[in-house]
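The values are calculated or read from the model by the stated rules, or taken from the named source; none is laboratory data. Please read all numbers here as calculations on a predicted model, not as lab measurements. When we count neighbours, we look across all protein chains shown, and the Cβ atoms used for this are built from the backbone with ideal geometry, even at glycine. Heavy atoms of the whole protein, side chains included, go into the accessibility calculation; ligands, DNA and RNA do not. Shrake-Rupley method; radii C 1.70, N 1.55, O 1.52, S 1.80 Å.
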Amino acid sequence: MRLRNTTLLILLAVALKLAAAPGEAKVSKKAEMPSSFTHLIESEQMGVCVQFYSAGIVRVRKWPMAEGRVVPEKKSYSVIMSPRQKAARKSGENMLVSDLLSVSVDTQTGQLTFSTPDGKPLLTETSTSFEMRRGDADEGKYRVSQTWQLRPEEQIFGLGQLRSSKMGGRGYDIDIWNRNTYTPIPYFTTQNGFGVYWDNAGRSHFKDSPDATTFRSEVGVCADYYFMFRDGSQDGLIDCIRQLTGQATMFPLWTMGHWQCRERYKTSDELVFALDRYRELGIPLDGIVQDWQYWGCDSNWNAMDFMNPYYINKVGDPLWARYLPEDLKALAKEYLDKGLKPRIKSPGEMVGYVHGRNAHLMISIWANFGPWTKPYTDLEKIGALLPFETWPMRRGVKPYDPFNPKARDIYWHYLTTLYNMGLDAWWTDSTEPDHFEGPGDDDVKTHDGTWRSVKNAFPLVTNRGIYEHQREAEAKRIKKEKGYKGRRSVQMTRSGAFGLQHYGTFSWSGDIQASWQEMKDQVASGLNYTLCGIPFWNSDIGGFFYWDYNNDPKNPALQELHTRWMQWGTFMPIMRNHASSPMPSELYHFGNAGDWAYDAQVDAVRLRYRLLPYIYSSAGDCVQRSGSMMRALVMDFPSDTTAISHGDEYMFGRQLLVKPVTSPLYTWQEDKRHGYAIYPDLKKAAAPVDVYLPAGIWYDFFSGKAFEGPRTVQRPTPITEMPVYVRGGSILPFGPEVQYASQKAWDDLEIRVYPGADGQFILYEDEGDNYNYERNIFSEIPFVWDDSTQTLTIGQRKGKFPGMLAERTFRIVRVSADAGRGDQPMQVTKTLCYRGSEVKVKI
């Protein structure tokens, strides 16, 4: 049966109260529409249900009337909000109106039109279709689609991480089916400030043309989407997303520092050696990462325990030899022949050593299990292993079924072994999951339905399960252990989904290749992804696979690429260096002090730490005010048609415009992948890079020179710098030089003021970890710049937390070309002591 444009029954339900399990939104088939909020027209074809969740969030569902006159039952994995807004129905019209939105229905076609209450059109539906599935495991359900008409001048943003440099524009034609490096999200927005979330976790497609913009899903009981609009701004829209799917969680202060990661540290001694070298060389570092095979061989995949003999001082023990990974068997013989002994003899000793050196340890965990593991055995007993070929192939490894709540309990039960060791963060790898698709796989049944119907929710459900279990474990520990305040759950996952930000999880972009084109694609991909309401994202700095550079950190062509990517990393939400074996990724492999490839990268890391007060405050803005750290230019300059099409620059926080350098300027590469420097002394070169500056006053971060936009400037860009501009009216805190994030208190901050416009900034502080901020245990200090009077007002401090500074020094800098270099302490204009009360300073 195929139904299109045939609607005779329309249910406009505005205040239906729905019973839903925590984290889910459900509609019961037994639910009845309150008559006072229902508009009914006789029909035998299709029903329409419209619900206002808030004044700016509207849910729309449509279903074939062959299913009955009540709304079909429908689970949402992303939406946690319940409808709680009443809208007025205009007398004699098929229209519902809230303070922010008007929704009208064409009773001949059943299609809806969204507009503002004063009649400004926003979006119009044009068709809905249902096609009955037959001959597979989803027989009796429907292929569903919804089509809208966008205006010709509108450009599309969002849609997740598409591994593309495209920003805005039209003509998208994409599959919505997660895989490594490709995380599509069925959500789009335009520069006009509305957004549409298509709530279907199954195999789907998005296609846009001048005449039609369509979401289509292979399985559904109904068409189901959310229309959102606040005030025409992307900030207002993202606030709607956070209301609908959950507010972002705050990550610990240390996660905003620098991370060192490699595939892989093969022994605990290798890992602590790298940490020691960073400390000896004075390269700031907060996180170090243990990748896979600490559990041993592939058959023991993801055992969630240290069973590799090198980590437990069992090299040469025949009882443990079976767990040796293939690539370590030769090393084991060398150990035995030479009588070598490990320096670090147990996992607990490794964790303690890392903590003793003021660093934190993330560990890799996966969404699949090898046949030798205990989790595999327990999951198999309850039928919670999926019969897919996954990575590593042909080892009997299988993904688990996270849609099964008992499976999530089993997952956490075994993860507690690592949790109790004091690991600081989880690297939830392969949460698409890795899947070498075969015939019939789409029909495989999970706990919630066929793989075809739920797969894209896999990363959300997996990470939510870990987050919720850890929150519960932390609450018990806080209650049990006197003086223990808890720690925040930190998860880095290789995939994502709408609403991921609510579960202590940030995404990385997957196993990408080291190349200039890949880097360019990553900038736009990250911006489109974060426009979907997920503020914390990162890529592997430098990429993951280094085949094109012979895995050689001394290759000048690779050194230039890695340096530029590291400089970009300074202005990512998370700054994490990574590489695939055999490429050594630690910065000391790129050269020594005095070498450009070493100096420039270390300088980028040091700048990251000087900016920590700004970065952590920007993270606080994400949580307290639904802000974004990577802000595509459509967020701040929606009417600038040139700006919004730039996928190669963005605002980092609300004050800094950054332009990563995504093309080689000083090296070239021959066919055999060897690289060469173009200039004899590369440090003296300064090739130009085009940077677009939108309207307003902009200061070159490094030189302090001011420019007025809109204009494109050619910025001389030596290898030591990347283009960064500060918006006129900005107030930028600059912190102390440190080796790790919590090394020094922020009791002496440089506060930089960039004249040219009025501006404001809020310095956010809390305890640096734990969830007390959820109980308003944090502080904010407002800064306001009045450009007409040249006055900086540092307002009354709001809030408090244990350990808060009662008194501190602010060194005020009025930035100009004569004030000094931006990456160094600048010439101070005035110094004052701040004790929490309002202070005004004229500069």
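The Cα trace of segment 717-843 gives Rg and Dmax of 15.5, 47 Å, the first to one decimal, the second as a whole number. Each helix, a run of at least 4 DSSP H residues, gives -39500 (n - 2.57); summed and divided by the residues of the chain, these come to -6000 deg cm²/dmol at 222 nm. Rounded to whole Å, give me the distance from the Cα center of segment 88-133 to that of segment 670-719. Each part reduced to its Cα centre gives a spacing of 49 Å. In angstrom, the C-alpha Rg and Dmax of segment 670-752 are 17.8, 54. Solvent-accessible area of LYS141, all protein chains in place: 80 Å² (probe radius 1.4 Å, heavy atoms, ligands and nucleic acids excluded). Count the DSSP beta bridges whose two residues both fall in segment 359-505, then state the antiparallel fraction as a percent rounded to the nearest 5. If I count the DSSP bridges inside segment 359-505, around 35 percent turn out antiparallel. The heavy atoms of LEU244 present about 0 square angstrom of accessible area, all protein chains included, probe 1.4 Å. Working note: Karplus 6.51/-1.76/1.60 with θ = phi - 60° gives segment 331-343 the couplings 5, 4, 5, 5, 4, 6, 5, 9, x, 6, 10, x, 6 Hz, where Gly and Pro are set to x.
Could you report the chain's accessible area per residue, 1.4 Å probe, as an integer in Å²?
35
Taking the Cα centre of segment 435-573 as reference, the dipole from Cβ charges on Lys and Arg (+1) and Asp and Glu (-1) amounts to some 1100 debye.
Here's how it looks for GLY169: its modeled amide H is under 5 Å from those of ILE156, which are all 5 or more places away or on a different chain. In the chain the Cα-Cα distances spread across 10 Å bins starting at 0 as 2, 12, 22, 25, 20, 13, 5, 1, 0, 0 percent of all pairs. The apolar share of the surface of segment 556-645, taken as the fraction of accessible area on carbon and sulfur atoms (1.4 Å probe, ligands and nucleic acids excluded), comes to 45 percent. Counting only aspartates and glutamates at least 8 places from LYS842 when in the same chain, those with an alpha carbon closer than 12 Å to its own are ASP786, ASP787. The Cα center of segment 720-765 and the Cα center of segment 386-460 differ in position by 42 Å. Value of Rg to Rh for segment 597-735, rounded to two decimals, is 1.00; Kirkwood radius and Rg both from alpha-carbon coordinates.
Provide the per-residue ³J(HN,Hα) series for segment 642-648, in order, calculated from phi with Karplus coefficients 6.51, -1.76, 1.60 and θ = phi - 60°, each as a whole number of Hz, with x at glycine and proline positions. Per-residue couplings from phi come out as 6, 4, 5, 8, 7, x, 10 Hz.
Apolar share of the accessible surface for segment 129-213: 46 percent from carbon plus sulfur atoms, 1.4 Å probe.
With respect to the cross-link table entries LYS374/LYS398; LYS266/LYS333; LYS683/LYS705; LYS744/LYS798; LYS381/LYS445, which display a Cα-Cα separation exceeding 18 Å?
LYS683/LYS705; LYS744/LYS798
For segment 212-218, putting each phi into the Karplus relation 6.51 cos²θ - 1.76 cosθ + 1.60 with θ = phi - 60° gives couplings of 7, 10, 9, 9, 9, 10, 6 Hz, in residue order, rounded to whole numbers and with x for Gly and Pro. Normalised by the number of residues in the chain, the average gap of Cα pairs under 8 Å and 6 or more apart makes the relative contact order 10 percent.
Counting protein heavy atoms only, segment 787-835 has 48 percent of its accessible area on carbon and sulfur, 1.4 angstrom probe.
Segment 215-231 and segment 494-559 have their alpha-carbon centroids 28 Å apart. Solvent exposure of ARG203, expressed as accessible area, is near 60 Å², computed with a probe of 1.4 Å over the protein chains only. Of all DSSP-defined beta bridges confined to the chain, some 80% are antiparallel rather than parallel.
Would you check segment 48-131 for Lys pairs whose C-alpha atoms are within less than 27 Å, ignoring same-chain pairs closer than 8 in sequence, and give me the count? Lysine pairs, 8 or more places apart or on different chains, close enough: 9.
Using only side-chain charges placed at the Cβ, +1 for Lys and Arg and -1 for Asp and Glu, the dipole size of the chain relative to its Cα centre rounds to 1720 debye.
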